[in-house]
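Take a look at the structure below.
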């Protein structure tokens, strides 16, 4: 069926990748001027569908019509000519160019052989005023915040006269205040007649901003619903195919003695000579979950690296169970702490090692895994891997022999969580343990973390997701520009308040 | 329930081999074209001679020559396999090889020639390995502690060796009449044992056996030991290695030490052979060092694969020695091997292609996958 209102019409789109059908016979109409959300778990096919629209993938079957005309979008340039623009999850900006230079890159205005920036500047400034996209045209990208970079990306699309705007998980990197601003901008754009496609797996945002929502599951379109009248619970259920609980079930914490004690920790960046972590002191006790909140890049990562030994400390002390670990090696620290790292591909896994090798990464040198003359005991490797695979339900194509690279993100993360939790250390450090995972996997990992706490482990977690922070934490530490802005009780503060601490607006009085 | 691992078929092992074979076939095809362009009349004959490796011309005794050529490049090839797997791009093969050769010669001339039988050749061999390792250690230290790019430093060390070695030769073992190193005393040469009988070549010795044993040992280290687990992990992901508490500086030093020692071994085995090889007194790097990279490339960095890679390149070299009969320079073989190396550099690319072909038609519905998994 065709609908004359529809600006985009997907008909029976099928896109296959080796071993998987990413989009399976998807037919969907997008109305002109609406904000249409695409909701789905990781690997549900929402990004693939948008990539097909933007010309980055060619579908095996099916057609796309835009403004009633069937089109073949063979590459992004064609998409741009058709008035389609996309803000990618990872911005595509030249760091050492200015905002203005980035916006006009590829569409430069010229006078003869020379650049004529004045025309472009005028146009960009007009656009930014019209849509409330505050920018500083002459600031370098490397000097501006993530939110500003995103506005720069949006202006890039508008400058190219895009009418159909695709946002790929645009809020993942923003503060609550920035998210509000973005929502406002999106609504404004829709009002001016732009059509917005909005990929997300955050139900709150979809409720807030979208007109309609299409839910994808395992490559298939499950339903297209009115976003305003559908409940969050219903959307969540359709997305994962089962009921999900949004709240982390946990008893009140019963903290005991200190396990981790950080005293006046300072880390200075080698290049900028800036104190990225500035005189930070806190402690984590047995049986509690302390979550470090903050906007990306405010020293949280460095703080964790300082504690785990991956980055040298300039000043201060790290004590675990009363013992000084400031100068100890990573291996020595690994004996007393487990670390679910921020970047699972960089630190957490050796992607070209099989799953069994990866699961043994913290154990391979221990008795049983290796004999006295240095030969590995592969029976033990296999046994141990199978044990963890069963216990933590890690799914992969070929079991323990699967290369980590070919596993899904959720199962890669499960493997790391399994390995680290099984170390049974007194201290568990979990950095963004649910980043990029779908609702089912998030629920699972939260449960594991709470179980560890209930087993009297000390848990230090770091997260950028405020909902997660509020749900999981027994105590919240907010960091801003390398300093602790406050230690908060999640039961006594609101999300907005935490947001103010995160933005550096509010600060707890220093206790004497 | 979890899926039981399948033992029978590991696609990766076969695609690696297939990629190398395709590289070889492509290399030979282009070589054929070059031969035909250079001399259309004799091109086909010359090509057939290379293909049949001179087996047809020299008879069975060419096996001995083949093994003699294979020995040094197997050593350097295995050295490169280990270094590359550990992510240490040791391009210093020629230097480490020549230093090993030189130390083996000098040790036998000045020290071990008066010692009883096994020691007389074993000591020069061991000395060469130590020398090769120490020569490689310097760039290794620069890399581990000062973060100096190892490709650049090892290449620079090849130049340093190139000049220094002539100086050292002139001080110690220069035969002015012939313009080369003095011959190694007969009792310091490698034992021949049953090799001449086996290969029908009276210059054959146990060098190739030592090289093969070295390849097997390195394979065992890489695949079966804790050290190998750490070395390979370091090569695949240095950050994760650090996270796991593995000392990356130590890993870099160990891998370059072993790699240098193997290159030194190659130099010793080559120059303590019965075929009468000398270091000539002129500037230049030992080609065996660079050929090792080609061997490792063909072998997909597998030390056991290197045995076949080295034999294959040696086979071409033997055939190349007959090129002059057809009016070609024997260097034409170098051209062919380089072409094959270029193609094997594409091997990763080819592997992806092969994997795609094999996977075609095996696309599964996501729901089927789900059912299988649950």
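In a helix (DSSP H, G or I) and either buried (at least 21 other Cβ atoms within 10 Å of the Cβ) or in contact with a strand residue (DSSP E or B) (Cβ under 8 Å, 6 or more places away or on another chain) (or both): is that true of residue B:265 in this structure?
Numbers: in a helix (DSSP H, G or I): yes; either buried (at least 21 other Cβ atoms within 10 Å of the Cβ) or in contact with a strand residue (DSSP E or B) (Cβ under 8 Å, 6 or more places away or on another chain) (or both): yes.
Yes, satisfied.
Find the residue count for segment A:442-467, including only residues that are more than 18 Å from residue A:336 (Cβ to Cβ) and free of Cβ contacts under 8 Å to residues at least 60 places away in the same chain.
Number of matching residues: 6.
Output the residues belonging to segment B:113-134 that are over 17 Å from residue B:79 (Cβ atoms) and either buried (at least 23 other Cβ atoms within 10 Å of the Cβ) or not assigned by TED's automatic domain parsing to the domain that holds residue B:263 (or both).
Selection gives B:121, B:124.
When you go through A:378, A:392, A:369, A:365 one by one, which is the residue that is surrounded by fewer than 17 Cβ atoms within 10 Å (Cβ to Cβ) and outside the structural domain of residue A:311 (by TED's automatic domain parsing)?
Result: A:378 is the single residue among A:378, A:392, A:369, A:365 that is surrounded by fewer than 17 Cβ atoms within 10 Å (Cβ to Cβ) and outside the structural domain of residue A:311 (by TED's automatic domain parsing).
The rows are residues; the columns are (1) over 14 Å from the mean Cα position of the chain (by Cα); (2) within 17 Å of residue B:328 (Cα to Cα); (3) within 14 Å of chain A (Cβ to nearest Cβ); (4) modelled with pLDDT under 80.
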| residue | (1), (2), (3), (4) |
| --- | --- |
| B:16 | yes, no, yes, yes |
| B:42 | yes, yes, no, no |
| B:57 | yes, yes, no, yes |
| B:90 | no, no, no, no |
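If residue A:272 passes every condition in (1) in the same structural domain as residue A:298 (by TED's automatic domain parsing); (2) touching a residue at least 12 places away in the same chain (Cβ under 8 Å); (3) outside any strand (DSSP E or B) but one, which one does it miss?
Tallying (1) in the same structural domain as residue A:298 (by TED's automatic domain parsing); (2) touching a residue at least 12 places away in the same chain (Cβ under 8 Å); (3) outside any strand (DSSP E or B), residue A:272 fails exactly one: (2).
Would you pick out the residues in segment B:241-254 that are within 8 Å of another protein chain (Cβ to nearest Cβ), in a helix (DSSP H, G or I) and surrounded by fewer than 21 Cβ atoms within 10 Å (Cβ to Cβ)?
Just the residues of segment B:241-254 that are within 8 Å of another protein chain (Cβ to nearest Cβ), to begin with: B:241-247.
Still in the list and also in a helix (DSSP H, G or I): B:241-243.
If the condition is that a residue be within 8 Å of another protein chain (Cβ to nearest Cβ), in a helix (DSSP H, G or I) and surrounded by fewer than 21 Cβ atoms within 10 Å (Cβ to Cβ), then B:242 is the only one that fits.
Can you say whether residue A:502 is in contact with a helix residue (DSSP H, G or I) (Cβ under 7 Å, 6 or more places away or on another chain) and either at negative phi or surrounded by 21 or more Cβ atoms within 10 Å (Cβ to Cβ) (or both), as far as the supplied structure shows?
Numbers: in contact with a helix residue (DSSP H, G or I) (Cβ under 7 Å, 6 or more places away or on another chain): no; either at negative phi or surrounded by 21 or more Cβ atoms within 10 Å (Cβ to Cβ) (or both): yes.
Here the answer is no, as residue A:502 does not meet what is asked.
Kindly indicate which of A:184, A:193 is in the same structural domain as residue A:24 (by TED's automatic domain parsing), within 24 Å of residue A:5 (Cα to Cα) and surrounded by fewer than 16 Cβ atoms within 10 Å (Cβ to Cβ). Step through it out loud before you land on a result.
Numbers: A:184 fails: within 24 Å of residue A:5 (Cα to Cα).
A:193 is the lone residue from the list that is in the same structural domain as residue A:24 (by TED's automatic domain parsing), within 24 Å of residue A:5 (Cα to Cα) and surrounded by fewer than 16 Cβ atoms within 10 Å (Cβ to Cβ).
Considering only residues that are surrounded by fewer than 23 Cβ atoms within 10 Å (Cβ to Cβ) and in contact with a helix residue (DSSP H, G or I) (Cβ under 6 Å, 6 or more places away or on another chain), which ones fall in segment A:424-435?
none
Residue A:400 versus (1) assigned to a helix (DSSP H, G or I); (2) closer than 30 Å to residue B:217 by Cα; (3) out of contact with any strand residue (DSSP E or B) (no Cβ under 7 Å at 6 or more places or on another chain); (4) at the interface with another protein chain (Cβ under 8 Å from one of its Cβ atoms): which is the lone unmet condition?
Failing condition for residue A:400: (3).
Criterion first (buried (at least 21 other Cβ atoms within 10 Å of the Cβ) and at pLDDT below 90) does residue B:201 satisfy it?
Values: buried (at least 21 other Cβ atoms within 10 Å of the Cβ): yes; at pLDDT below 90: yes.
Yes, satisfied.
Specify the residue that is modelled with the lowest pLDDT; the eligible residues are those in segment A:43-56 that are part of a loop (DSSP other than H, G, I, E, B) and over 11 Å from residue A:22 (Cα atoms). Full working, then the answer.
Kept after step one, since they are part of a loop (DSSP other than H, G, I, E, B), are these residues of segment A:43-56: A:43-45, A:54-56.
Now drop any that are not over 11 Å from residue A:22 (Cα atoms), which leaves A:54-56.
Numbers: A:54: 92, A:55: 90, A:56: 87.
Out of the qualifying residues, it is A:56.
Within segment B:223-240, take every residue that is more than 8 Å from chain A (Cβ to nearest Cβ) and surrounded by fewer than 21 Cβ atoms within 10 Å (Cβ to Cβ) and give me the one that is farthest from residue B:79 (Cα to Cα).
Filtering first and then ranking leaves B:238.
The values are calculated or read from the model by the stated rules, or taken from the named source; none is laboratory data. What you see is a predicted model; the values in this text were computed from it and never measured. No Cβ is skipped: glycine too gets one built from the backbone with ideal geometry, and neighbour counts run over all protein chains shown.
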